[in-house]
Amino acid sequence: MPRTYTSLTLEDAKQMLSAAEAKAASLGIPYCVAVVDAGGHLVAFLRQDGALIGSIDLAIDKAATARIFDKTTSDLATLAQSGKPLFGIQESNAGKVVIFGGGVPVVLDGTIVGAVGASAGTVEQDIAVAEAAITALGHQAQSSDGLNPKPTTLKGKEI
């Protein structure tokens, strides 16, 4: 029997990218931002004029990393340090795992429905741009400590 799951839609992704673009403009930094669906596949991508070429793959890989490991990339950074349980994880998945901030899962009622990745500024700026994208859907990003409220509504698509 086929299973169904909720995922971000293209319309969700467009809304997210618009908010991320506005946040990046407020920072004065040209950004690359990627949105992936529940399966970790690219739904939409934005590269602002002047954004670094190297940020293209980083934004996409941050989003995919956040989804395939169901953690923020900054949480993975902590867990991937020498002597920690995920040391060396960045070498997995053909080396596409990113272990610094800017990748954030999108959570709906406790279920991850996609993720966003942002790349161009400092880790703190990248996280702020990614979180602005999520907030555009009327949600807060779920922190690693689980203290942020979980989203209650999202225009998800049953697949």
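The values are calculated or read from the model by the stated rules, or taken from the named source; none is laboratory data. Here the structure is a predicted model, which means the values were calculated and not measured. Here the Cβ is made from the backbone with ideal geometry for all residues, glycine too, and neighbour counts use every protein chain on show.
Couple of notes before you dig in:
- Among the conditions (1) β-branched (Val, Ile, Thr); (2) within 11 Å of the chain's Cα centre (by Cα); (3) farther than 22 Å from residue 8 by Cα, residue 29 misses just one, which is (2).
- Candidate set from the range 1-26 (those that are of a type in the set (Val, Ile, Thr) and over 15 Å from the mean Cα position of the chain (by Cα)); member that is surrounded by the fewest Cβ atoms within 10 Å (Cβ to Cβ): 4
- Residue satisfying all of: in the range 69-111; of a type in the set (Asp, Glu) and in a helix (DSSP H, G or I); farthest from residue 44 (Cα to Cα) among these: 91
- Total residues in the range 39-68, condition buried (at least 22 other Cβ atoms within 10 Å of the Cβ) and in a loop (DSSP other than H, G, I, E, B): 0
- Candidate set from the range 93-125 (those that are hydroxyl-bearing (Ser, Thr, Tyr) and modelled with pLDDT of 95 or more); member that is nearest to residue 5 (Cα to Cα): 119
- Scanning the range 45-67 for residues that are of a type in the set (A, V, I, L, M) and within 12 Å of the chain's Cα centre (by Cα) yields a count of 6.
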